[in-house]
């Protein structure tokens, strides 16, 4: 794809992200006029002496600025983080089925966060959640990578088996922690709902938690796009071209764990984003990671904003858990990819 088409693609995608975000802010159980919404946003980001601000009911300011906008921003950050993590994993493992949920990174991250919740550390400071989530994600990713990689390659069957085994072990450990926390019913209930994935009651605090980790993780991913492209040619080729393979792999794993841990810390487990989005982006712009990484971030953000909008509006006044929405779309796609890989093996 030539540079002009790439530029056009990113322009269209960024415009879609803005429009999707605005639509999600506008649509809600309480109807607020668009001009009022824009006035609220302007009043918060533009100095008062620059423009004339109309009087707006405080309830509408709270709904837009303290409820809807933080939720949309968190959805965008989580979608971008998971999509970029998935794109990196698929490139590193040279495996189209690699993603945070398939290789147990999401569940490892969730276990770390559950430990923070069950021990009460998360109630002392919100920042314990991303720290424990990152450590859990990194640990599980290293375990799966260690078990599944043979002679610098990661066979699909081995990757899936390692992911399934570790997911089962982590699931058992998580259930055990929930059982221990059941004495405190509110804590146990919070953990269970959190594990199902969702973005309700997200505030600006969650934005500030998600923003640094997401930006740093994406920056690390962009730094290693050339190395990821070379790794797709094989480890021997990468060595011959001067790539320090093992340090690069460690940094990519760190970036993937940071992105997954950050996302899970503020949203719980939201599955299949890291599996679906990189595949869609490759079909649109090709496999080069210098385009694939930023495009995955944009499409991932759009996807999760729309998924969260569906979660909010499909069953009013109740919300459907976001993890349920993404699983309904993601599980069939995963089975489709599995069938495609089986056909390659058969023929």
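The values are calculated or read from the model by the stated rules, or taken from the named source; none is laboratory data. Quick caveat, the model's predicted, so the values are computed rather than measured. Cβ: placed from backbone, ideal geometry, glycine included. Neighbour counts: every protein chain shown.
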The helices (runs of 4 or more DSSP H) lying entirely within segment 75-151 that contain at least 1 residues which are surrounded by fewer than 22 Cβ atoms within 10 Å (Cβ to Cβ) and in contact (Cβ under 8 Å) with a residue 40 or more places away in the chain are 105-118, 128-148
Looking at residue 201 and the list (1) free of Cβ contacts under 8 Å to residues at least 12 places away in the same chain; (2) under 22 Å from residue 84 (Cα atoms); (3) within 22 Å of the chain's Cα centre (by Cα), which single condition is not satisfied? (2)
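Consider segment 163-184. How many of its residues are in a loop (DSSP other than H, G, I, E, B) and either in contact with a strand residue (DSSP E or B) (Cβ under 7 Å, 6 or more places away or on another chain) or at pLDDT 80 or above (or both)? Let's see the steps before the verdict.
First, pick out the residues of segment 163-184 that are in a loop (DSSP other than H, G, I, E, B): 182-184.
Then keep just the ones that are either in contact with a strand residue (DSSP E or B) (Cβ under 7 Å, 6 or more places away or on another chain) or at pLDDT 80 or above (or both); that gives none.
Selection size over segment 163-184: 0.
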With respect to residue 259, is the statement that it is over 12 Å from residue 86 (Cα atoms) and modelled with pLDDT of 90 or more true? no
Is it fair to say residue 209 is in a loop (DSSP other than H, G, I, E, B) and either buried (at least 16 other Cβ atoms within 10 Å of the Cβ) or in contact with a strand residue (DSSP E or B) (Cβ under 7 Å, 6 or more places away or on another chain) (or both)? no
When you scan segment 233-243, do you find a residue that is modelled with pLDDT under 90 and touching a strand residue (DSSP E or B) at 6+ places or on another chain (Cβ under 9 Å), even just one? yes
Does any residue of segment 271-283 turn out to be over 30 Å from residue 311 (Cβ atoms), touching a residue at least 12 places away in the same chain (Cβ under 8 Å) and out of contact with any helix residue (DSSP H, G or I) (no Cβ under 6 Å at 6 or more places or on another chain)? no
Inspect segment 185-202 for any residue being out of contact with any helix residue (DSSP H, G or I) (no Cβ under 7 Å at 6 or more places or on another chain), at pLDDT 80 or above, assigned to a helix (DSSP H, G or I) and surrounded by fewer than 21 Cβ atoms within 10 Å (Cβ to Cβ) and give the result as yes or no. no
Search result, residues across segment 22-41 that are within 24 Å of the chain's Cα centre (by Cα), surrounded by fewer than 19 Cβ atoms within 10 Å (Cβ to Cβ) and either farther than 22 Å from residue 317 by Cα or at pLDDT 90 or above (or both): 22, 23, 26, 27
Give the residue, chosen from 160, 228, that is more than 18 Å from residue 130 (Cβ to Cβ), part of a helix (DSSP H, G or I) and touching a helix residue (DSSP H, G or I) at 6+ places or on another chain (Cβ under 6 Å). 228
Pairing a residue in segment 212-226 that is in contact (Cβ under 8 Å) with a residue 60 or more places away in the chain with any residue that is surrounded by 14 or more Cβ atoms within 10 Å (Cβ to Cβ) and outside any helix (DSSP H, G or I), where Cβ atoms lie under 9 Å and the two sit 6 or more apart in sequence or on different chains, gives 225/288; 226/243
Return yes when residue 128 is farther than 17 Å from residue 169 by Cβ and at pLDDT 80 or above and no when it is not. yes
